[in-house]
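K.L.:
My structure is below; once you've seen it, I'll send some questions.
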């Protein structure tokens, strides 16, 4: 969803099932998930007045390195100077935040004739919906933003393919760009095989638990799913007012957990969808050396995917979902959900606050909570009124600190489990950046800014600004390991991130058949799974419904993925070229 990652999941490669991991680089409330649920169509909103991108006229060059003192800055000789306007509307973009003020000020010292506007959605408007409205403005030149978090609208057709620039020289460091930021930890692409988004931080999904409650119940962190079931039974018997598991149905159960555990049944789908000789996406240096090894945790970064092969396999029955394995997955999930989950499972996303109040013994969450929980626990008896409001906890509630720890995803076991080594959601978080492809000149200027931001000089300025921001209580806290090379973060958080153990990433929308890119169908799928978990329908009935949903809506699904039947029939055909 991380590699490192990536959090996951996301999020996604094909968007047809789920968008990625969304976390925000400096959060004091629990961060948004690495893979939030697919964005729903937004109601039309009034469009802001467009700021036309000034043509790069004829960029001049800087003949000497500027007298600017930034960590890692090593400008190349005769780098271009630009003149124009860049509108930055990535997730969390806010002109009042010190992180953006510091970043823009640092860039202006190097590109004084470029105006960088930081602009996000109005208060109360969700980012996915707002971005969808912006992108609906028409041809790219009419879209106001230049830089966005495209994973929230991954089907948009006019993002720049960033893979074209992975080996470009960064004009601010003198190094190849992939030596400034790790491009390998998260490699999901859209259905046309294009990398439309680059992130800055990695995420790993794991479980947090209340050591005091575990000790009271006489249980240890579980290693298997059945261990977790047994632990939940003992915890709820020993501490009657506590639910065993805190989770939500917005992104944790029906996205993260489904991806983590479906992978134990269906990991070999990789061997069906990987690019073969003759495919448009085949790379001899990568795919020619690939051998499917289900025990390799970092398998996802070692091959290229051909989405046409995946959908063709579903269409032709090579991949099916009305199987004993699918029913077994649902049956295993129902041992915990909703039986041992908090009553809010299908209602809201308050499980982090429940954990602080010791209403739940465990939560599944991301690496962003390593720093967040450390900070909250240190101040738990004296949280500010603002923080209590953020957490949705009444100021009259008296919170008591407790010992806590983490454990990895407990593996499902049984005769139908084909891959016993469980993996995780290891995807992307931090800043998510996608470039709107408006013109060659504008793209070149925006790319120059992004190379600065996503390298030590720019990202250090971004982090340092956040460290002094009064709107960020406790200062900057990464949501996961920082993947921009050379950036220094506070030591207490660096130590937490150094202890993160990567297990391999399962966050890949390509392999999550339970979610759909069609709004009404996706809601129905969520309801069908809920009914199966609650025992209103059998796991076998759910599996049969899922298969039928895919077949009945297959043409629209592949259309949403940007594919045609001709693409499916001919894996050598490049969807991006047709």
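K.L.:
Going by how many other beta carbons lie within 10 Å of each one, how would you line up 429, 349, 224, fewest first? Can you show the working numbers first?
P.N.:
Values: 429 40, 349 18, 224 15.
With the sparsest Cβ surroundings first, the list reads 224, 349, 429.
K.L.:
As a test of understanding, state the convex hull volume per residue of the range 206-407 from its alpha carbons, in Å³. All intermediate terms of the calculation are to be shown ahead of the outcome.
P.N.:
Values: hull volume 31.2 nm³, N = 202.
It is 155 Å³ per residue.
K.L.:
Give me 524, 285 ranked fewest to most by other Cβ atoms within 10 Å of their Cβ, as a rough exposure proxy.
P.N.:
285, 524
K.L.:
Restricting to the chain, compute how many DSSP beta bridges are antiparallel as a %, nearest 5.
P.N.:
Among the beta bridges of the chain, antiparallel pairing accounts for roughly 60 percent.
K.L.:
A further question on this structure: Could you state the principal axis extents of the C-alpha atoms in the chain, from the largest down, to the nearest angstrom?
P.N.:
If we take the Cα atoms of the chain, the spans are 72, 62, 47 Å.
K.L.:
In addition: Quick check on the range 151-208: take the gyration tensor over C-alpha atoms, sort the square-rooted eigenvalues as a ≥ b ≥ c, and tell me if it's rounded (a/c under 1.5), prolate or oblate.
P.N.:
oblate
K.L.:
Looking at the square roots a ≥ b ≥ c of the eigenvalues of the Cα gyration tensor of the range 503-563, which shape do they give, rounded for a/c under 1.5, prolate if a/b is larger than b/c, or oblate?
P.N.:
oblate
K.L.:
Given a cut-off of under 8 Å on Cα pairs at least six residues apart, what relative contact order in percent is computed for the range 357-465?
P.N.:
Taking the mean separation of contacting Cα pairs over the length of the range 357-465, I get 13 percent.
K.L.:
Something else about it: What is the distance, in nm, between label points placed 7 Å from the Cα along the Cα-to-Cβ direction at residue 85 and at residue 313?
P.N.:
About 4.8 nm, to one decimal.
K.L.:
With an 8 Å cut-off on Cα pairs and a minimum separation of 6 or more residues, tell me the relative contact order of the range 423-578 in percent. Walk me through the numbers before you get to the answer.
P.N.:
Working: 92 pairs, mean separation 32.4, N = 156.
Result for the range 423-578 is 21 percent.
K.L.:
Further, regarding this structure: Roughly how many nanometres apart are two label points built 7 Å out from the Cα toward the Cβ at residue 176 and residue 283?
P.N.:
Between residue 176 and residue 283, the label points sit 1.1 nm apart.
K.L.:
Moving on. So, in Å, what gap is there between the alpha-carbon centers of the range 79-143 and the range 166-184?
P.N.:
One Cα centre to the other: 22 Å.
K.L.:
Continuing with the same structure: What shape does the range 203-319 take by its C-alpha gyration tensor, where a ≥ b ≥ c are the square roots of the eigenvalues and a/c under 1.5 counts as rounded, a/b above b/c as prolate, and the rest as oblate?
P.N.:
Numbers: a/c = 3.53, a/b = 2.67, b/c = 1.32.
Prolate, since a/c reaches 1.5 and a/b exceeds b/c.
K.L.:
Right, another one. Would you mind ranking 163, 215 by Cβ crowding within 10 Å, fewest neighbours first?
P.N.:
215, 163
K.L.:
Work out the FRET efficiency for residue 117 and residue 169 from their Cβ-Cβ distance, taking R0 = 45 Å, and round it to the nearest 0.05.
P.N.:
My answer for the efficiency is 0.95.
K.L.:
Next question. For a Förster distance of 22 Å, can you work out the FRET efficiency between the beta-carbons of residue 524 and residue 556, rounded to the nearest 0.05?
P.N.:
0.95
K.L.:
Quote the FRET efficiency, to the nearest 0.05, computed for residue 444 versus residue 96 with a Förster distance R0 of 41 Å and r equal to the Cβ-Cβ distance.
P.N.:
0.90
K.L.:
So if I take the centroid of the Cα atoms in the range 311-325 and the same for the range 259-295, what is the distance between those two points in Å?
P.N.:
17 Å
Values quoted throughout were computed directly from the atomic coordinates according to the rules given, and no laboratory measurement underlies them. Quick caveat: nothing in here was measured; it's all calculated off a predicted structure. Every residue, glycine as well, gets a Cβ built from its backbone with ideal geometry; the counts of neighbours run over all protein chains shown.
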